[in-house]
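Engineer: Below: one structure in structure tokens.
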Amino acid sequence: MGSNSIIETRNLSKVYKDFWGRPKVQALKALDLEVKQGEIFGVLGPNGSGKTTTIKLLLGLLFPSEGEALIFGEPTTNVAKNERIGYLPEETYLYKYLNAEETLHFYGRLFKIPSRERTKRVHELIDLVGLTRSKHRQLREYSKGMQRRIGLAQALINQPELVLLDEPTSGLDPIGTDEIKKLIVDLRRQGKTVVLSGHLLADMQDICDRIAILHHGELREIGKVSDLLTVQDITQIKVKDLPESAWEEIRGVVSRHGGEVVDVGRPTTTLEELFLRIVTESDKYPGRRRIAADQQPTPAGSPGPK
Amino acid sequence: MPWLSLWAQGTTVTLPSWIQWMIVWADPQFTDARLLGGFFGGFMTWSKLLGLFCLISWLGTRFFNLFLRSQQSRSGQSVVLNLPVIGLLLFVGIAILTAFLSIVQQAAVFPIPLIAGYPIPALLVGIEFLLGFLALEAVMWSSYRRPQGGSASQRGLALGVHAALAAGVFVIYKAFEFNRNVRGLKGSIASQDWQLILTDGLRYGATYAGLVVLAYFALGMFKEALSVRWRRLYSIAWQTVLDAVRRMWAPWVVLVLFVLFLAFTNWFLGGPGTRTPELARRYIETLSWVSSLLLSLMILLLAPMSLPTDIRTQVIYTITTKPVNRLELIWGRLIGYMGLITAVLLVMGLVSMFFVERVVNSRISTTREQAVASREVGKLDDARRSEEQAAQLENKMSARVPVFGFLSFTDSRGKARRKGIDVGQEQKLRSHIEGASASKASWRFGQAPQKEGRTLTAENVLPIERLLKPGTLEAVEDSLFRARYDQAQIKMNLEAPNLKGSERRRLEDRLTKVDSEVKRIQAELEPIQKQERDLREQIQKLEGAGKSADLTSLRAERDKLHSPPIPVEMVFNVFRTSKGELGEAVRASMVVSNPLRPDLELHRSVFPVIEYYTIRRFFPSRMLVGSMGQLAIEIQCITPSQFIGMSEKDLYVLSNQGSFRTNYIAGLTGVWLQALVITSVGLFAGTFLSWSVAFLLTLAVFVFGQLAIGFLDQFNQMGVVGGGPFESLIRLLTHENLQSNLASTPAVMAAKSFDLFLTPILTRLIYVIPNISALDVSNQVALGFAVTTPTLIGQVLLGLGYALPLTAFAYYIFKNREIAA
């Protein structure tokens, strides 16, 4: 485990079994990944790809069928590590008969936080997630977006070093989504490590430092967002004032046609396009993705071959 | 271990103490209440049983894990019939076959041939025993195969279990060897003896192995308990209470039902047909029963639902991902529910207590008024009856602390007997004494009968310090007697030959102190004696002069110098051989004596025996001076041709009469403890079952624990006639009575075989089902007896004895459960 690794998994696998112990579904296959301190790490994948299973394994809610996972260098079954972790599940699983304040006090008391400090933090978090006016209402009266907000607040009650967010923006309106994204970025600024899963690609692209893409329980891709979205074997030349009719000759004669080369570099695709391509290719080419020349994504904004 | 017991009876030489202790610790069938008694004995039995449960659970878990692993072949495909399942089916099959052959052999339907001199069933048992042992070994070690391996501590545990088994064989071998040496036997041990040594040794070893596994789990639990924090327990308990109050509305529903019941109680209990002396008992028992039932139903719904609901709604994810260990989740809920139960029980208890007081006190006043009215119109019998009834009711509304004696009998020829006359089945529990004869029943307090091997407990010694009022003539005289007794003892010890110098000095110092104590008490006593003498003379003078006006105050002053008379209560039944004289009660006499003070005049009194009424008589407190807690009370029947029946607990000296209210609240402890056990069962069931199945399991335990413990106990002691469940079913279908022998048809033999296989398993239910009914002390309160501190401690220990292991098992199951699976 690297010195600044927060999470490390080795050959992490999970097979769900039926009542008689017979294997039913292989939810995760030999996952190797490492999350470093202070980064925002996204786990992407379609429904049933193993994202939530990965997070549950990391939290000790599931036991691995094979392999191991370490958080802060300790096994996931070690309860003491939870002092440094905050977790927001994919649905807001909270007691509906408590109000926002009671909920945060309930979770806060589970940590070693002095009473006065806890009260202060409860008020701050309620303000932070914008629930000040509804803090005395029972959660059963909350909308889905409000429940996500209080869920996020409970995940941050202990000022965790590592925050695991399972689809944090689901159910939120665009303003709420933007606020949460800002909050996540702010958490990174405070030196915290954030792991988030989801399939809202634009959101992930905006805030993640690195991402892992899972499909059918397999790790298909992992790396920095900027690296992954860069198309390696295509050179992009940005031109100005080029007539529309000149596209056929553009590759060889840019300068001959009097155009001015203003930028030369690697084109990038969108995360959404990359994601869809990986998922489409997954059945055809099982295992970790090998990038071949003819499998390159099309550059964004490029008209492509005619 | 029958041979060891037989040998032990046949010789005066006892086994070395270490072997004795090892045997006591090993044999799960030793009832320590008889052998050792007290807290330690109970703790030993509890540990041994718990150990065996731990061992079975541990092996069961290993077997289950092996089964799960075997479900998947190496290629990853699932396997339908794997080795553990085949082995288990084979084991059960051979066991049933063995049972069948034994039944056939007993019924002598056809001869069972011998193989190598052994009957086939015995051989099969041997083979099964061997195969079972080998299978367990395989299970144990297969779970430690690489790559799963298991931790070093788990491997250590497996080794510890084997060492324990070896220790069992070693203990039996040493006991056997000692036996041979005592008998002077030489030569090698016969193969049959080796069989005994091995089988009994392994049986003993299993208990030791259980204790090893128990210690392992207890250590794990202890480590976990060290990380338990009150703030987390409080938080979970607080949430549990809110869940019950806000989501389930449970306490409100219970309280509304209770109030509804209370509103109609008088219709059912206080009607005109109700016997006045029974009124308090009926109210107290019924209200306690209703409180217990409502609380049990409340907790039956709440506790088994708690964890499964959190798991189903996945709220548990957000809790277990906080630094909360699983023990805190269980204990927190337990505390929460018990807090809620305490609050609801207090409300119900206080309301019902005031309700009972109001109803009963009102009936007492009415009855007394009736007595006065009857007396005024000259109906003296009615007046006496009403007064008696009012007194009985007052008795029930108190908290009496009885001191019980040892009962023995003297027959009509003056010969000592353990039992009196048996007048028939209905009165089997009571022995009878014949009227107008030398026949008598004697209760001896403070001294156990030597021949009967009974032990004296605090319950049998009269508490002089409580019975004699401090500072009174009797109390001071008793102190003087005790001091003089000490003085005499020390002087006697000083006269012993070969007394060491240091011991002599110690005794002499002690004697000096006692001497001064005697002087001090004498100085204290003299003025009291003088004052009492003066008052007596004054009273005699005034009585002689006929001046009754000043007598009352003088008598009151004199009475203050004496301890109040000591009450004795008794409940007898009368067996009449003739009608006797109509309207005349059977009469009995009571003689009280102090066995250590033959110089004291005996106290005699004669009284009518009112059947099933609590008769209260008094004897003067001077009888206790110098008694050292000993006393003898003899009862004789005076009326000719009639018999008085009694059992040991039918007569007792009242040492204290506490407050009804305190006693009533103490009596609620029983209801509270019952709820504690049900909560623990519910939480335990909720750790591995869905809420509906957990509810059914908890309900079954509640019903069995409340209603069927007596039957299970009888079943365990093989006291149930009519055979096991299958034989009973045949009797039911064929309309055969329980006593008749069934014909040896194939169906009957098959049924008996299944019974033979199942009965040992079913009888063990007595050790699994908590005895919930034993925790109830409401009957004691209803009868007007105090729930004493030792009783309360015993009840609390019993409740914890069930609750603690249940929560421990719940913790281990929950810890090893994948919450999100």
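Engineer: Quantify how much of the Cα-Cα distance distribution of segment B:388-485 extends past 24 Å, in percent.
Structural biologist: Working: 2395 of 4753 pairs.
Tail fraction, whole percent: 50.
Engineer: What list of ³J(HN,Hα) couplings, whole Hz, do you get for segment B:217-231 from phi and the Karplus terms 6.51, -1.76, 1.60, once you set θ to phi - 60° and write x for glycine and proline?
Structural biologist: Using θ = phi - 60°, the values come out as 5, 4, 5, x, 5, 4, 4, 5, 5, 5, 8, 6, 10, 4, 4 Hz.
Engineer: Taking just the C-alpha trace of segment B:339-437, give me its Rg and Dmax in Å.
Structural biologist: According to the Cα coordinates of segment B:339-437, Rg and Dmax are 21.8, 63 Å.
Engineer: Across bins of 5 angstrom width beginning at 0, how are the C-alpha pair distances of segment B:293-357 distributed, in whole percent?
Structural biologist: 4, 14, 20, 21, 14, 11, 7, 5, 3, 2, 0
Engineer: Is the shape of segment B:302-396 rounded, prolate or oblate, going by the alpha carbon gyration tensor and its root eigenvalues a ≥ b ≥ c, with a/c under 1.5 for rounded and a/b larger than b/c for prolate?
Structural biologist: On the way: a/c = 6.66, a/b = 5.94, b/c = 1.12.
It is prolate, given that a/c is not under 1.5 and a/b is the larger ratio.
Engineer: Any chance you could run the full-extension gain for residue B:577 through residue B:747? It's 0.36 nm times the residue separation minus the Cα-Cα distance, nm to one decimal. Display every interim value, and only then the final one.
Structural biologist: Numbers: separation 170, 0.36 × 170 = 61.20 nm, distance 5.16 nm.
Full-extension gain reported as 56.0 nm.
Engineer: Same structure, new question: At a Förster radius of 25 Å, what calculated FRET efficiency corresponds to the Cβ-Cβ distance of residue B:247 and residue A:173, to the nearest 0.05? Can you show the working numbers first?
Structural biologist: Values: r = 29 Å, r/R0 = 1.17.
That pair, residue B:247 with residue A:173, gives E of 0.30.
Engineer: Obtain the nm distance between the two label points defined at residue B:459 and residue B:502 by a simple spin-label model: each point lies 7 Å from its Cα along the Cα-to-C-beta direction.
Structural biologist: It is 4.2 nm.
Engineer: Okay, next question. Could you work out the mean count of beta carbons from other protein chains within 10 Å of each residue's beta carbon in A:90-97?
Structural biologist: Details: counts 2, 3, 3, 8, 5, 10, 4, 7.
Partner-chain Cβ atoms within 10 Å, mean over residues of A:90-97: 5.
Engineer: Cα to Cα, under 25 Å, and not fewer than 8 places away if on the same chain: which lysines meet these conditions relative to residue B:500?
Structural biologist: In chain and number order, the partners are B:491, B:513.
Engineer: Residue B:541: which lysines have alpha carbons under 18 Å from its alpha carbon, excluding same-chain residues fewer than 8 sequence positions away?
Structural biologist: B:530
Engineer: Here is a follow-up. Between residue B:606 and residue B:429, what is the FRET efficiency for a Förster distance of 22 Å, r being their Cβ-Cβ separation, to the nearest 0.05?
Structural biologist: Working: r = 26 Å, r/R0 = 1.18.
For residue B:606 and residue B:429, the calculated efficiency is 0.25.
Engineer: For helix B:152-183, report the angle its Cα long axis makes with the longest principal axis of the Cα atoms of chain B; keep it between 0 and 90° and round to the nearest 10°.
Structural biologist: Tilt relative to chain B: about 60 degrees.
Engineer: Using the Karplus curve 6.51 cos²θ - 1.76 cosθ + 1.60 with θ = phi - 60°, work out ³J(HN,Hα) for each residue of segment B:669-684 in order, rounded to whole Hz, and write x for Gly and Pro.
Structural biologist: Computed from phi, the couplings for segment B:669-684 are 4, x, 5, 4, 5, 4, 5, 4, 5, 5, 4, 4, 4, x, 5, 4 Hz.
Engineer: Given the pairs A:14/A:51; A:14/A:224; A:36/A:81; A:81/B:815; A:81/B:223; B:223/B:815, which are separated by over 20 angstrom at their Cα positions?
Structural biologist: Values: A:14/A:51 12 Å; A:14/A:224 26 Å; A:36/A:81 16 Å; A:81/B:815 16 Å; A:81/B:223 17 Å; B:223/B:815 14 Å.
Beyond 20 Å: A:14/A:224.
Engineer: For helix B:38-70, report the angle its Cα long axis makes with the longest principal axis of the Cα atoms of chain B; keep it between 0 and 90° and round to the nearest 10°.
Structural biologist: In chain B, helix B:38-70 runs at an angle near 20 degrees to the longest axis.
Engineer: Please list, ordered by chain and number, the residues whose modelled amide H lies under 5 Å from the amide H of residue B:609; skip anything fewer than 5 residues away on the same chain.
Structural biologist: Distant-sequence amide H within range of residue B:609: B:586, B:587, B:588.
Engineer: Same structure, new question: When we measure straight from the Cα of residue B:186, which lysines land under 17 angstrom away, once same-chain ones fewer than 8 places off are left out?
Structural biologist: B:174
Engineer: Rounded to two decimals, what is the ratio between the C-alpha radius of gyration of segment A:5-226 and 2.2 N^0.38 Å?
Structural biologist: Working: Rg = 17.3 Å, N = 222, 2.2 N^0.38 = 17.1 Å.
Normalised Cα radius of gyration, segment A:5-226: 1.01.
Engineer: Counting only residues 5 or more places away or on other chains, whose amide H sits under 5 Å from the amide H of residue B:642 once H atoms are built in the peptide plane?
Structural biologist: When sequence neighbours closer than 5 places are left aside, the close amide H contacts are B:435.
Engineer: Considering only DSSP beta bridges where both residues belong to the protein assembly as shown, give the percentage that are antiparallel (nearest 5). Show your work: numbers first, answer last.
Structural biologist: Numbers: 80 of 99 bridges.
The antiparallel fraction comes to roughly 80 percent.
Engineer: Helix B:279-312 against the longest principal axis of chain B: what's the angle in degrees, Cα atoms only, rounded to the nearest 10?
Structural biologist: The angle comes out at about 30 degrees.
Engineer: Going down the list A:29/A:181; B:440/B:560; B:396/B:649, which pairs span over 24 Å between their C-alpha atoms?
Structural biologist: On the way: A:29/A:181 30 Å; B:440/B:560 35 Å; B:396/B:649 17 Å.
Check vs 24 Å cut-off fails for A:29/A:181; B:440/B:560.
Engineer: Quick one: which residues, 5 or more positions from residue B:574 or on another chain, have an amide H under 5 Å from its amide H? H modelled 1.01 Å from N in the peptide plane, none for Pro or chain starts.
Structural biologist: Close amide H contacts, sequence-distant or interchain: B:645.
Engineer: Among rounded, prolate and oblate, which fits segment B:473-560 when a ≥ b ≥ c are the square roots of the eigenvalues of its C-alpha gyration tensor, a/c under 1.5 means rounded, and a/b larger than b/c means prolate?
Structural biologist: Numbers: a/c = 5.56, a/b = 4.59, b/c = 1.21.
Here segment B:473-560 falls in the prolate category.
Engineer: If you don't mind, there's one more thing I want to ask. To the nearest 0.05, how large is the calculated FRET efficiency for residue B:225 and residue A:115 if R₀ is 30 Å and r is the Cβ-Cβ distance?
Structural biologist: Details: r = 24 Å, r/R0 = 0.80.
So, using R0 = 30 Å, E works out to roughly 0.80.
Engineer: Once you place label points 7 Å from the Cα toward the Cβ at residue B:510 and residue B:110, how far apart are they in nm?
Structural biologist: The modelled label-to-label distance comes out at 7.9 nm.
Engineer: In whole Å, what are the Cα extents of the protein assembly as shown along the three principal axes, biggest one first?
Structural biologist: 155, 87, 79
Engineer: Now for a separate question. Can you give me the three principal axis dimensions of chain B from its C-alpha atoms, in Å, biggest first?
Structural biologist: That works out to 116, 76, 67 Å along the principal axes.
Quick note: the coordinates plus some simple rules give every number you see, no bench work behind them. Model, not experiment: these values are computed from the prediction. Ideal geometry is used to build each Cβ from the backbone, glycine not excepted, and the neighbour counts take in all protein chains shown.
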